[in-house]
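Take a look at the structure below.
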Amino acid sequence: MAGLLSLPTEILDRFFSVIDLETRKALRLANQRLSTIGQRWVFDTAVVSPTDASCDRLDQILESTALASYVTKIYLNTWDLDNNVEDQYFDHEDAEEDTGLHPRFWSVFDHLKDFPRLQSVVLRFHPECDEDEMYEVPQSSEFRSAVMARTMAVLSSLPQPVQELALRDIENVNVTDEDTVANLQNVLGGLRSLRLNITNVSRGMSGSSDYHRYAPQKFHAELPSFWLKPTMSNLENLTLYSSLYIGFFPICDLRGVHFPRLKKLALGNHTFIHDSQLQWILSHGSTLIELYMDDCAIVWEAGIYDREAEPTLLPREDLRTHPDLPDQLYTTYDKRWVDYFRAFEKGLPKLRHFRFGHSPYWWDEEDTTPFERETEIEIGFHEECYTVFCDGFLPSEYMEHMIWRKEGEDGGRKYEDGKAVKPSAEDRHALVELCAKVGQTITLHEEDFLGRC
């Protein structure tokens, strides 16, 4: 401790900036000097949930002008993570009419203006959502819309625009109210950092495809124009995670957006099937410093029914018929991860941080996607880094290999498994070389696969 206290105040302040909150709190108890230096870092981030105790803590901060001035980031949890979410709404006679939220939490939004250095806002919803009335969910679409309207109205009116917006478990349904859309577009236009963790209906073995639902098809197709185009001028950090695979199908075509200042890009559950997707990443080579790819997959083979209302990333002319896939269109993709890693090595000269693999936090917390965990991605190959899309097979059309439908000798149809693609020695070598270029030493073995939940 004596050695630590001998350091200049500037160094100690920097030390506090990089340690976690619990360590900050513990270190402040050591002596008065550390308590004084660490105070602003303990109150740098505030977390508020719809409970009296949580709102009391926020009120205590707001009562002190000094403490309120320390807050630069605030997490707004629309449900109490420590209790049964179904019991948290409509418990108060004076609950806010549209949402049933405790009125004290509802008023937190108005207090955002009282944090003069506020730069970052994280709005968290429950990860379970629905698109019909067959299943009851903790937070309805009406609830989410009301909260989004309130949030964007307040953020749009702040005297100093926030620079970072993170929406955790945002439902795959865009707001349509004109005022809310206008406020959202205004907020997006001033951001330097945008993080979207998108939640989709997941019925698993219930007998229907989650990928062919209307909501994910519409939302992800609109994502580039609705969410990203307004941010293009200023955005430096972009994180896109989805609870379903996106990219190829449902389509998420990023070619229409470009970020001249982009320094960090993180993609979770993104599928690659066309060179344009690789070229889109490389188009940011003059600025990109950090690249994270979490549970991303190359779709090297695909068979899909021809549905006009459900386009894929590939144009119709890139698809063809196949004798063993009656009534479907078929395609293959010849690029492998070795091609991507070598392209990154050459085409991203400023890259200093790179992780490709699987985050151990998938579905770890309330069955949701990893959030603010991309720097902890375990580097390596997971068993689904190469996948096919086999339309019509459940519980997920994304599979290890195709299933061919061949004509049997008796005139019937028989099913045969296709081949699978596994990471090659060239894939592993290219990943090791790319990591070495950015200063990361890793060792990969042929038999090693990252575990997936």
Has segment 211-219 got at least one residue that is closer than 23 Å to Val154 by Cβ and either in a helix (DSSP H, G or I) or of a type outside the set (Asp, Glu) (or both)?
no
Consider segment 264-276. How many of its residues are over 21 Å from Glu397 (Cα atoms) and either part of a helix (DSSP H, G or I) or β-branched (Val, Ile, Thr) (or both)?
2
Evaluate segment 367-377: report whether one residue or more is β-branched (Val, Ile, Thr) and more than 22 Å from the chain's Cα centre (by Cα).
no
I'm told Ala182 meets every condition in (1) assigned to a helix (DSSP H, G or I); (2) aliphatic (A, V, I, L, M); (3) surrounded by 16 or more Cβ atoms within 10 Å (Cβ to Cβ) except one. Can you identify the failing condition by its number?
(3)
Considering segment 73-96, residues that are part of a loop (DSSP other than H, G, I, E, B) and in contact with a helix residue (DSSP H, G or I) (Cβ under 9 Å, 6 or more places away or on another chain), and then whichever is modelled with the highest pLDDT, we arrive at Thr78
Given Asp417, Asp448, which one is under 20 Å from Glu400 (Cα atoms) and either among the aromatic types (Phe, Trp, Tyr) or at pLDDT below 90 (or both)?
Asp448
Positions within segment 118-149 being at pLDDT 95 or above and in contact with a Phe, Trp or Tyr (Cβ under 6 Å, 6 or more places away or on another chain), in sequence order:
Val122
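Any residue at all in segment 47-69 that is in contact with a Ser or Thr (Cβ under 9 Å, 6 or more places away or on another chain), without any contact (Cβ under 8 Å) to a residue 40 or more places away in the chain, buried (at least 16 other Cβ atoms within 10 Å of the Cβ) and not in a loop (DSSP other than H, G, I, E, B)?
So the first thing to find is which residues in segment 47-69 are in contact with a Ser or Thr (Cβ under 9 Å, 6 or more places away or on another chain), and the list is 47-50, 55.
If we keep only those that are without any contact (Cβ under 8 Å) to a residue 40 or more places away in the chain too, we end up with 47.
From what is left, the residues that are buried (at least 16 other Cβ atoms within 10 Å of the Cβ) are 47.
Okay, now just the ones that are also not in a loop (DSSP other than H, G, I, E, B), so 47.
Yes, segment 47-69 contains at least one residue that is in contact with a Ser or Thr (Cβ under 9 Å, 6 or more places away or on another chain), without any contact (Cβ under 8 Å) to a residue 40 or more places away in the chain, buried (at least 16 other Cβ atoms within 10 Å of the Cβ) and not in a loop (DSSP other than H, G, I, E, B).
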Looking for whichever is in contact (Cβ under 8 Å) with a residue 60 or more places away in the chain, at negative phi and of a type in the set (D, E, K, R) here; the options are Asp318, Asp324. Which one fits?
Asp324
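The values are calculated or read from the model by the stated rules, or taken from the named source; none is laboratory data. Predicted model, so just to flag it, every value in this text is computed and none were measured. A quick note on method: Cβ atoms are made from the backbone with ideal geometry, for glycine too, and the neighbour counts reach across all protein chains shown.
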